[in-house]
Amino acid sequence: MTSIKKNIWYISKYASPIKYGFGTRHFYLAKEFCRMGYKTIVICSDSSHLLNFPQFKSTYTKEVFDGVDTWWIKTIKYVGAKSIRRMISWIDFELKLFFMDKRKLPRPDVVIVSSLSLFTIINGYFLKKKYKCKLIFEVRDIWPLSITEASNFKASNPLIKLLAWIEKFGYKNADVLVGTMPNLKEHAEKITGNSLQCFCIPQGVDMNLYASPAPLPKGYAEQYIPRDKFIVAYAGSIGRTNSLETIIECAKQLSHNDNIHFLFIGSGDLLSFFKSETESYNNITFAPKVKRGQVQTILAQCDLMYDSVMDLKLYHYGLSRNKWIDYLYSGKPLLASYSGFPSMLNEAKCGQFIPAEDQKSLKKAILYYSALSTEELNDIGLRGKQWLISNRTFDKLALDYRELF
């Protein structure tokens, strides 16, 4: 690495500073790049189905967050993640990014394009050619494989074919690939037939988020969190892809065990269905979704964390879950119903992978952990927290990224 500091453009439609409700990895890494002396620009959209941004008057608006010059592109708004307007918003972003007057920006030495949207890699390619700069393609979700695996879309669908072409184009024309998942290299080389420069820089942890956990709403704990029980907790979306059927059935089979209680915190399309299906079981509680700053307050009152995904080939390439970061920081053991490429739990030795959708093995594991002493549970959970702090802070991940510049 030379001593000359470079200019970095970090482009993602869904980048968001913490000021507007949720800070994404783009801003945390960009802030660290700035601290290293790099001039860092983030280019993003003001349209998201997850967050509400200010109503910008101009098509292009500049703000500065922690030294990071941020250019907002005003794009078509939409509501649902599966709406047609979402894809129209993608195209709107790409067209406005392409025609953006970039003379106000410092000439880039490195352009990082972070999916989603997958279309942005095409803009990244043109920027690479125009400025003779290095192009890094950051993949946070493997599209279109995620769609074909978890939905009814077939590979022959024209939209899927288009996305597959763009994916292959991006893999072949980027100078470096970065995956948040640990085994992207195998997938990308299978798609292209080429040997590729591909590295894993996973999701990170911002320690400031956990500095002062917020209190729960008045009466929340008394109503939803039982005392003197071994609490198995899940916090997150309650939908089809979350594959909670396995633990729900496990909870039903353990309803005779007065010591174990199952707590589900969150909302989603299947919440009403699961509540109706389990209303006669006293060992299952569904609690309302809480703010991000309150999550650790809830997890501190639980004993064993749980997560699950569907049994899909997609996960052969691994994943990097923000949920696992929250869980590990809580200092509690984690069980994950997951049959994909292993990471985090096995590295930190803070829990156990259970084969996806294997209710019998999950039940056995829950009974095992419920029989451990408080000291044994704390030792396991603490290993996870210490590993997280040593390996996943954004200053550490930014150093890994710097090696690619």
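The values are calculated or read from the model by the stated rules, or taken from the named source; none is laboratory data. Fair warning: this is a prediction, and the values are worked out from it, not measured in the lab. Don't worry about glycine lacking a Cβ; one is built from the backbone with ideal geometry, like all the others, and counts go over all protein chains shown.
Restricting attention to the stretch 177-194, does a residue exist that is in a strand (DSSP E or B), farther than 20 Å from LEU319 by Cα, at pLDDT 95 or above and touching a strand residue (DSSP E or B) at 6+ places or on another chain (Cβ under 9 Å)? The answer is no, given that none of the residues of the stretch 177-194 is in a strand (DSSP E or B), farther than 20 Å from LEU319 by Cα, at pLDDT 95 or above and touching a strand residue (DSSP E or B) at 6+ places or on another chain (Cβ under 9 Å). Scoring ILE88 on the criteria (1) assigned to a helix (DSSP H, G or I); (2) of a type in the set (Val, Ile, Thr); (3) closer than 21 Å to THR393 by Cα leaves a single failure, condition (3).
Restricting attention to the stretch 33-71, the residues being under 21 Å from VAL110 (Cβ atoms) and over 20 Å from the mean Cα position of the chain (by Cα) number 18.
In the stretch 126-138, what count of residues is obtained for those that are over 25 Å from the mean Cα position of the chain (by Cα) and in contact (Cβ under 8 Å) with a residue 24 or more places away in the chain? Lay out the reasoning, then the answer.
Taking the stretch 126-138 first, the residues over 25 Å from the mean Cα position of the chain (by Cα) are 126-134.
Filter once more, so that each one left must be in contact (Cβ under 8 Å) with a residue 24 or more places away in the chain: 126-128, 131, 133-134.
So the answer is 6.
For the stretch 1-29, a residue qualifies if it is within 14 Å of GLU63 (Cα to Cα) and buried (at least 18 other Cβ atoms within 10 Å of the Cβ), and the qualifying residues are ALA15, SER16, PRO17, PHE27. Note on the stretch 33-51: residues that are under 24 Å from TYR131 (Cα atoms) and not hydrophobic (A, V, I, L, M, F, W, C) total 5.
In this structure, does LYS252 turn out to be in a helix (DSSP H, G or I), touching a strand residue (DSSP E or B) at 6+ places or on another chain (Cβ under 7 Å) and at pLDDT 95 or above? No: the conditions fail for LYS252.
Looking at the structure I just gave you, is VAL111 surrounded by 20 or more Cβ atoms within 10 Å (Cβ to Cβ) and outside any helix (DSSP H, G or I)? When the stated conditions are applied, VAL111 passes them. Whenever a residue of the stretch 171-198 is over 17 Å from GLU403 (Cα atoms), its partners that are part of a strand (DSSP E or B) and modelled with pLDDT of 95 or more, lying with C-beta atoms within less than 6 angstrom and at least six residues away or across chains, give the pairs PRO182/CYS200; LEU184/VAL139; LEU184/CYS198; LYS185/CYS198; ALA188/LEU177; ALA188/CYS198. Hey, does the stretch 140-147 have a residue that's part of a helix (DSSP H, G or I), within 26 Å of THR75 (Cα to Cα) and free of Cβ contacts under 8 Å to residues at least 24 places away in the same chain? Yes; the residues of the stretch 140-147 include at least one that is part of a helix (DSSP H, G or I), within 26 Å of THR75 (Cα to Cα) and free of Cβ contacts under 8 Å to residues at least 24 places away in the same chain.
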